[in-house]
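What follows is a short report on a single structure.
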Amino acid sequence: MKKLIITGLFIAVAIAVFLSPLASSHPDGLEKVAEDKNFLQAAEEKEIIKAPVPDYSMPGIKNETAAGSVAGLVGTIIVFCIAYGTGLFLKKKAPSKVKRQTSK
Amino acid sequence: MHIPDGFLDTKTWLALTAVSGTAIAVSLKQTGKTLGEKQIPMMGITAAFIFAAQMLNFPVAGGTSGHFMGGVLAAILLGPFTGILIMTTVLIIQCLIFQDGGVTALGASIFNMGIIGAFVGYYIYVILNKIIKGSKSIFINAFIASWMSIILAAAACSVELSISGTVPLKTSLIAMTGVHAIIGIGEGLITIAVLSFIKKVRPDLLELRHG
């Protein structure tokens with residue numbers, strides 16, 4: 001189990017840190033359609049919140065590649081923790097449910 | 001396909017937030033019922049992988065890029081309800097920490113990429129498995145289901161934009177499904193690459209699907 005977590009997380013982190021700098025910077029499908037069909041401006045200045053790491057670039061790091069890699073690393077770890085945590089939480093709640101079902 | 005704030009009007013994003021909220025509640029309940037010890041780390045790993053892979057925009061025709069979505073992959077690995085939860089986790093973090101997708105559009109994104117991308121995509125895969133059989137069928141079916149999940153998510157996004165009055169339906173539907181028909185090929189290829197990698201190194205992990 002430990003080996004699975006380490007290997008899996010290592011692969012995800014490696015992608016986020018080492019491959020993300022190679023990503024295409026062209027607009028994505030929806031953004032491109034919005035540009036072509038003239039509705040991109042509908043989103044201008046409409047952001048409800050100011051996210052701490054906008055556009056996958058860690059603020060305070062001058063080197064663009066490094067800023068992207070650090071952002072990717074941080075995001076991957078946070079997502080792992082929340083998804084893993086959700087699983088642990090649901091599992092913790094589960095045994096009582098199983099009991100209830102069997103006692104019926 | 002992460003919709004920014006401003007593209008959807010209030011009635012549309014409120015309705016989709018309600019639908020997605022309900023779907024998340026149901027998914028938490030269903031996942032809690034069937035989740036086993038082995039699935040828990042895979043939930044974390046799959047979500048982390050999808051987040052990382054979504055950063056890798058690959059170029060498609062005409063100055064456009066696309067990236068992996070991962071809904072069908074998550075659902076094939078862990079089941080349709082857990083698939084929704086994994087997509088939700090990724091989308092919430094992308095929105096709140098990386099400004100990728102608007103807060104008001106979060107429900108819409110979860111609808112498009114979780115409910116349609118993972119859940120509906122998964123059942124396309126299940127139906128295909130009943131039609132196309134054979135030794136390589138899981139890969140063929142995973143490819144078709146992944147490709148279709150992208151097209152359907154793009155179509156849903158177009159409908160939402162048109163209901164919001166942002167762009168006429170016909171215009172967005174043709175443009176969105178057109179470009180995503182190409183992006184979907186990337187989706188299908190990445191999905192089979194991951195599945196065949198797992199089959200080679202840890203085939204037991206392909207038996208974790210539940211709920």
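The values are calculated or read from the model by the stated rules, or taken from the named source; none is laboratory data. Everything numeric in this text was worked out from a predicted model, so none of it was measured. Glycine also receives a Cβ, built like all others from the backbone with ideal geometry; neighbour counts cover every protein chain displayed. The protein model used for the area step is the full one, side chains on, heavy atoms only, and it has no ligands, DNA or RNA in it. Shrake-Rupley method; radii C 1.70, N 1.55, O 1.52, S 1.80 Å.
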The set of residues whose placed amide H lies less than 5 Å from the amide H of residue A:28, leaving out same-chain residues fewer than 5 positions away, is B:65
Expected integer from the mean partner chain Cβ neighbour count at 10 Å over A:43-50 is 5
Gyration tensor on Cα atoms of region A:11-68, a ≥ b ≥ c root eigenvalues, a/c under 1.5 rounded, else prolate if a/b beats b/c, else oblate, says oblate
Region B:51-65 scanned against label point 7 Å out from residue A:26 along Cα→C-beta; backbone N under 19 Å for B:54-65
Between residue A:93 and residue A:2, the two model label points (7 Å from Cα along the beta-carbon direction) sit apart by a distance in nm of 3.0
To the nearest 20 debye, the protein assembly as shown has a Cα-centred charge dipole, built from +1 on Lys and Arg Cβ and -1 on Asp and Glu Cβ, of 1940
With a 1.4 Å probe and ligands and nucleic acids left out, the total accessible area lost when B pairs with A, in Å² to the nearest 100, equals 4900
1/(1 + (r/R0)^6) with r = Cβ-Cβ of residue A:14 and residue A:64, R0 = 30 Å, i.e. FRET efficiency to nearest 0.05, evaluates to 0.95
Extension length gain for residue B:37 and residue B:14 (0.36 nm per residue less Cα distance), in nm, is 4.7 nm
Result for the protein assembly as shown: accessible area per residue, probe 1.4 angstrom, in square angstrom, of 45
Carbon and sulfur atoms account, in whole percent of the 1.4 Å probe accessible area of the protein assembly as shown, for 67
Restricting to Cα pairs under 8 Å and 6 or more apart, the percent relative contact order of chain A works out to 32
Percent relative contact order for chain B, counting Cα pairs under 8 Å at least six residues apart, stands at 29
Check: C-alpha center region B:197-211 vs C-alpha center region A:54-87, spacing in Å is 27
Between the modelled labels at residue B:181 and residue B:29 (7 Å from Cα along Cα→Cβ) the distance in nm is 4.0
Here, residue B:174 and residue B:135, labelled 7 Å along Cα→Cβ, have an inter-label distance in nm of 4.6
Counting other chain Cβ atoms within 10 Å of each Cβ in B:28-39 and taking the mean gives 4
